[in-house]
Amino acid sequence: MHKKYTPYSLCALLALLLLLPLCLLALLLLRTPTKTSAKDLLSGTEGTDRVILLDPGHGGEDAGAIAASGALEKDLNLQTALLLRDLLVAMGREVRLTRSTDVLLYDPQSDYVGHKKEQDLASRLRMAQETPDALFVSIHMNAYPESRYRGLQVWYSPNDPASALYALGVQEKIRTHLQPENTRRVKRADGGIYLMEHVTSPALLIECGFLSNPEEAASLCDPAYRQQLALLIALSLVECAENAP
Ligand SMILES: [Zn+2]
């Protein structure tokens, strides 16, 4: 004789079935740490807090590329890097800068401009070596004799495999959210970019856009556009820290 369910026992069974997922959810919540920082929410992981060493290219006597409007690359590099610093600090990251003012980093005794440039790069490299586990991020603006070229492009150092991961992250984030027409690919810096060749920790150089393209130069000179750019770069660096070795 098989057992018959009364209306009361059916009700109890239904109540149990309804309560079971709630009990499981409660158990899950109890197991979840309640203290979550903004950094945890952004990165989702612990132990990937590399110091980020931002390197605004050029400075002082070295203006870098010059837009038709007269805007100087060294100033745009610094303004972008300072924005990036503020955003990364707000995300809980430790950030340092190779320069935070309009200077070229050379020995004041030096009078030959070529030597000043060499000393400047050596100073930046020394700062990278003094923070050996840092993520080194150079900020530059591009220029080319033909004005039609445009679009952000990231170069990466061959010395640490994590460099390519960060470079891909930035390039893809910009393509997805800011420049859907940008088909540029990240490039391994095999020669000609001194800091990418010599920095041994993860390192990338972001060419934020072409000052030789009037339309893109106008965007790069627009503080609102630079904020967008800096925010997307900051987010991609923080997100990539989850997966970087
Ligand atoms: Zn440059």
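The values are calculated or read from the model by the stated rules, or taken from the named source; none is laboratory data. Bear in mind the structure is a predicted one, so any value in this text is a computation, not a measurement. Positions of Cβ are backbone-derived with ideal geometry, glycine not excepted, and every protein chain shown enters the neighbour counts.
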Whichever residue in the stretch 129-154 is of a type in the set (A, V, I, L, M, F, W, C) and crowded, with 22+ Cβ neighbours inside 10 Å and, among such residues, is nearest to the chain's Cα centre (by Cα):
V137
Residue list for the stretch 130-147, filter: in a strand (DSSP E or B), away from the ligand (no atom under 16 Å from the Cβ) and either closer than 21 Å to A68 by Cβ or at pLDDT below 95 (or both)
none
Quick count over the stretch 115-158, residues being of a type outside the set (A, V, I, L, M, F, W, C), in contact with a strand residue (DSSP E or B) (Cβ under 7 Å, 6 or more places away or on another chain) and within 11 Å of A203 (Cα to Cα), is 4
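Is it true that D102 is in a loop (DSSP other than H, G, I, E, B), at pLDDT 95 or above and either away from the ligand (no atom under 16 Å from the Cβ) or closer than 22 Å to A230 by Cβ (or both)?
Spelling it out, D102 is indeed in a loop (DSSP other than H, G, I, E, B), at pLDDT 95 or above and either away from the ligand (no atom under 16 Å from the Cβ) or closer than 22 Å to A230 by Cβ (or both).
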Keeping to the stretch 72-81, report how many residues are crowded, with 19+ Cβ neighbours inside 10 Å and away from the ligand (no atom under 11 Å from the Cβ).
3
Which condition does S69 not pass, out of (1) at pLDDT 95 or above; (2) away from the ligand (no atom under 16 Å from the Cβ); (3) in a helix (DSSP H, G or I), if it passes all the others?
(3)
